[in-house]
Ligand code: ADP
Ligand code: MG
């Protein structure tokens, strides 16, 4: 039994005086390529990571949910018949939101006692929030034997985050946390919500590095970028930037205001890069995939202007190590993480460079996460 499982069981027994019946989990994620494309109806390519949020639980006979969070060392409890936002245990809003969304979709829920624990770093951009939501859906699914599929689980989790918690996220995080497959990335079409598992080649690894930079003003910059994309699409007469090829865009870009053209160029090219990079993966061409990652970063830095000097340094430092095939910022930008594609044998050298050289040049020591592509949300143990 893993030590995390043992801790969950021990805590459950101490908190509730019984043993849990189920253990469920849902992973965080990293996006490999396709940044700021989701809200333009475009393509993204995330993979689920080996860090997850877990719940050990047992059903209750009433309509109450009682949860103890190991990370926050705090209780939350609520009634399934009266779902309100809480300010005293904000993490509980993700559970309440999921219950609200599931019931709104007509599912009959069972109350439960649970202990929750996660090792997805919180607020680093690896989507601990989606992991929390999908772990909660999986808990309700296990107890109530709900007939909902992984797509519906993702959509209702997104609804919980958008409309209950009040965070306007896209669909990527919940999709990959729900639908991830071991050894595969997931190509998601953010318009049709279609998806396709893409096998990741052997011999290389993705190195995730958290800059530890958290910058304010992210929301206003994000809203400004979204507005610029919408303006571009409107002026080009298309429903979304997804509908323009790069060639057509270049013909028509002179008619756009300079800054709008610059922002849109990133999105249009990034969509093509995702499809190109998926073709490269399928052909086993990791060098081409790495090049697409490099180009994605350059575009995010120079055209979309969402990088940060520390992220630029991290990308430069990683790329300078032999065996690093490509590197880019991942997530919305301004801080958060980078992801680098590295030949297995060279991973220690890249990790070492990211820690020492970045610290020397910026004063910050990135936090490193090494992970293969893992499976999406599921039941680990239960009867
Ligand atoms: P992220 O980029 O990690 O998704 P968010 O701000 O979107 O950051 O979500 C973080 C929030 O998700 C936390 O503040 C907390 O409310 C919830 N959360 C994440 N991990 C856990 C956990 N292990 N236990 C309880 N709540 C969690
Ligand atoms: Mg989040």
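Residues that are on the phi > 0 side of the Ramachandran plot and in contact with a strand residue (DSSP E or B) (Cβ under 9 Å, 6 or more places away or on another chain) within region 170-229 comprise 183, 203, 212, listed in sequence order. From the list 320, 373, 349, the one residue that fits, being in contact (Cβ under 8 Å) with a residue 24 or more places away in the chain and closer than 23 Å to residue 173 by Cβ, is 373.
Residues in region 64-114 that are in a loop (DSSP other than H, G, I, E, B), under 21 Å from residue 54 (Cβ atoms) and either at pLDDT below 95 or more than 14 Å from ligand 1 (Cβ to nearest atom) (or both): 3 in all.
When the test is whether a residue is surrounded by fewer than 24 Cβ atoms within 10 Å (Cβ to Cβ) and within 12 Å of ligand 2 (Cβ to nearest atom), residue 162 passes it.
Restricted to helices (runs of 4 or more DSSP H) entirely inside region 217-330, those with at least 2 residues that are modelled with pLDDT under 95 are 218-236. Take the residues in region 109-139 that are within 22 Å of the chain's Cα centre (by Cα) and more than 15 Å from ligand 2 (Cβ to nearest atom); name whichever of them is farthest from residue 64 (Cα to Cα). Going through the qualifying residues, I end up with 119. The residues of region 187-216 that are farther than 30 Å from residue 322 by Cβ, in contact (Cβ under 8 Å) with a residue 24 or more places away in the chain and not in a strand (DSSP E or B), listed by number, are 190, 191, 193, 214, 215.
Do we have any residue at all in region 331-346 that's more than 16 Å from ligand 2 (Cβ to nearest atom), surrounded by 21 or more Cβ atoms within 10 Å (Cβ to Cβ) and part of a loop (DSSP other than H, G, I, E, B)? Within region 331-346, none of the residues are more than 16 Å from ligand 2 (Cβ to nearest atom), surrounded by 21 or more Cβ atoms within 10 Å (Cβ to Cβ) and part of a loop (DSSP other than H, G, I, E, B).
Right, residue 182: over 13 Å from the mean Cα position of the chain (by Cα) and away from ligand 2 (no atom under 16 Å from the Cβ) or not? It is true that residue 182 is over 13 Å from the mean Cα position of the chain (by Cα) and away from ligand 2 (no atom under 16 Å from the Cβ). Going through (1) closer than 22 Å to residue 274 by Cβ; (2) surrounded by 18 or more Cβ atoms within 10 Å (Cβ to Cβ); (3) in the same structural domain as residue 367 (by TED's automatic domain parsing) one by one, residue 239 falls short only on (2). Restricting the search to region 15-29, which residues are in contact with a strand residue (DSSP E or B) (Cβ under 9 Å, 6 or more places away or on another chain) and without any contact (Cβ under 8 Å) to a residue 40 or more places away in the chain? Across region 15-29, the qualifying residue is only 19.
The values are calculated or read from the model by the stated rules, or taken from the named source; none is laboratory data. Given the structure is predicted, the values throughout are model-derived calculations rather than measurements. Here Cβ is always computed from backbone atoms with ideal geometry, including for glycine, and neighbour counts include all displayed protein chains.
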